[in-house]
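J.: Quick one: this structure, given as structure tokens, is what I'll be asking you about.
Just so it is clear, none of the values below were taken in a lab; they were calculated from the coordinates. Source: prediction; values computed, not measured. Glycine also receives a Cβ, built like all others from the backbone with ideal geometry; neighbour counts cover every protein chain displayed.
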Ligand SMILES: Cc1cc2nc3c(=O)[nH]c(=O)nc-3n(C[C@H](O)[C@H](O)[C@H](O)COP(=O)(O)OP(=O)(O)OC[C@H]3O[C@@H](n4cnc5c(N)ncnc54)[C@H](O)[C@@H]3O)c2cc1C
Ligand code: SF4
Ligand code: SF4
């Protein structure tokens, strides 16, 4: 994946690590930086939120407990959706605009591997027209931050990074040491990631010709959308996905226990969860507002909507996750009922912002339960207070007195660290 304005430099090998999504830090000249950078060791979200946004999340402001600090939250679409984009292409268009305006000289992001379109390859993009090759979602992770050294060696002092939350956490933790003149961080939410190899197995369960699948998305209307090379499409209700045929370790422990779904340390988060069929923007700080302004009238925006109630769905998820005992949370229901519930969910289930809140709470529940089962000794350091506050209403134990100030203490059972949550 090297061409005019796009380069995929070689990296050192990754250093051996425990919980790790190979964000690239262990491949830097000083791999020990992982100790300061890794969200799987002892993340400090309040400190980094304050450093990046000027303040930590404020649970008294609507939705900040769930989505992190933000100034504006919007539904949005590019008026001219870009071909090959995952949604309408806001993410890559922002980076194009930064390069066009000369605000940055390089963008660090992922392109598809030329031999496997689902495999992410870290690339340095220096020309706006080369951003088109990066559109779309790949499943898996690759060492994005290993690009920091080749970027610095090439003299890039004003850069943009497009990253998923575990990459952005490490980037922010190291930002002060990078000596950059400007850093723009465009984040996407991320959940339920897995290795590209395992994802290929999932594709074989969805189609007899998995190599013809060109697009996959878990939409907010409880359907997975598939697109095929011949232009056809298919929508599968979540309840009818072949989850029971996946191995129980399909999702690695990293992705079952990471604690930042919405990329709270990005300047702007570009997702879809709260967008009700459109994209969903969280503009988090001044730099995020500058990014949004770059799009000018290329974009339409509106206020996000919300409908339904999430509590029942989150409780059901918690029970299924417990019953799965470390495996995949399967819903117990007869096959004949699945299409009916699948039809009902987009109509009566949580929608819009309530869907996004439900997903964030489910992810928090999942992180607590999976760590408790697999790595209980890591719970004290790895689970931040805001996650305890999110799970408290569902009866999961909280560790810290600060949870009260985050607004989630009503049902929290105060427990000593490194002990299992309530059962
Ligand atoms: C594994 C994964 C899970 C996601 N889960 C959710 C979710 O649950 N809820 C939600 O709202 N959004 C999620 N997203 C984000 C969502 O899929 C869209 O990417 C996002 O909404 C941007 O759409 P777009 O049209 O603006 O992106 P585009 O303009 O098409 O650009 C996509 C950008 O994402 C980068 N990218 C693609 N794959 C990867 C990867 N594997 N690792 C790092 N960067 C990558 C590309 O390089 C490109 O820069 C997820 C993304 C990934 C990669
Ligand atoms: S995820 Fe990144 S920071 Fe954490 S151990 Fe792996 S390479 Fe190091
Ligand atoms: S699910 Fe979490 S740990 Fe896994 S790739 Fe996404 S942000 Fe990283």
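J.: Mind checking which of 364, 106, 182 has the largest fluctuation in a GNM of the chain, springs on alpha carbons under 10 Å?
T.: Sorting by GNM fluctuation, first place goes to 182.
J.: Which of 352, 187, 296 moves most in a GNM of the chain, Cα contacts under 10 Å?
T.: 296
J.: I would also like to ask the following. Output the relative contact order of the chain, whole-number percent, from Cα pairs under 8 angstrom with separation of 6+ residues.
T.: On the way: 840 pairs, mean separation 75.6, N = 423.
With pairs under 8 Å counted, the relative contact order is 18 percent.
J.: Using a Förster distance of 60 Å, how high is the FRET efficiency between residue 211 and residue 176, based on the Cβ-Cβ distance and rounded to 0.05?
T.: Computed FRET efficiency for residue 211 and residue 176 comes out at 0.85.
J.: For the chain, what is the mean residue ellipticity at 222 nm derived from helices alone (per DSSP H run of n ≥ 4: -39500 (n - 2.57); sum divided by total residues; nearest 500 deg cm²/dmol)? Don't skip to the end; give the middle numbers.
T.: Details: 15 runs with 132 residues, N = 423.
After summing the helix terms and dividing by residue count, I get -8500 deg cm²/dmol.
J.: Give the Rg (one decimal place) followed by the Dmax (whole number) of the chain, computed from C-alpha coordinates and expressed in Å.
T.: For the chain, the Cα radius of gyration and maximum Cα-Cα distance read 20.6, 61 Å.
J.: What nm distance separates the two modelled labels at residue 154 and residue 116, each placed 7 Å from Cα along Cα→Cβ?
T.: Output for this residue pair reads 2.4 nm.
J.: Considering the chain as a Gaussian network with a 10 Å cut-off on Cα pairs, which listed residue, 22, 116, 385, attains the greatest mean-square fluctuation?
T.: Checking each option, the largest mean-square fluctuation is seen for 116.
J.: Just report the Cα centroid separation between segment 259-309 and segment 93-152, whole Å.
T.: 20
J.: Nearest-5 percent of antiparallel DSSP beta bridges in the chain? Could you put the intermediate results ahead of the total?
T.: On the way: 35 of 47 bridges.
If we restrict to bridges inside the chain, about 75 percent are antiparallel.
J.: While we're looking at this one, here's another question. Could you calculate the FRET efficiency of residue 58 with residue 101 from 1/(1 + (r/R0)^6), where r is the beta carbon distance between them and R0 is 41 Å, rounded to 0.05?
T.: On the way: r = 32 Å, r/R0 = 0.78.
The pair residue 58/residue 101 has a calculated efficiency of 0.80.
J.: Calculate the length of the line joining the C-alpha centroid of segment 68-86 to that of segment 1-19, in whole Å.
T.: 28
J.: Which shape class applies to segment 292-333: rounded if a/c is under 1.5, otherwise prolate when a/b exceeds b/c and oblate if not, where a ≥ b ≥ c are the square roots of the Cα gyration tensor eigenvalues? Each step should come with its number before you reach the end.
T.: Details: a/c = 4.96, a/b = 2.65, b/c = 1.87.
It comes out prolate by the Cα gyration axes.
J.: Then there is this: How much length would be gained if the chain were fully extended between residue 319 and residue 248, taking 0.36 nm per residue of separation minus their Cα-Cα distance, in nm to one decimal?
T.: Values: separation 71, 0.36 × 71 = 25.56 nm, distance 1.66 nm.
Additional length available on full extension: 23.9 nm.
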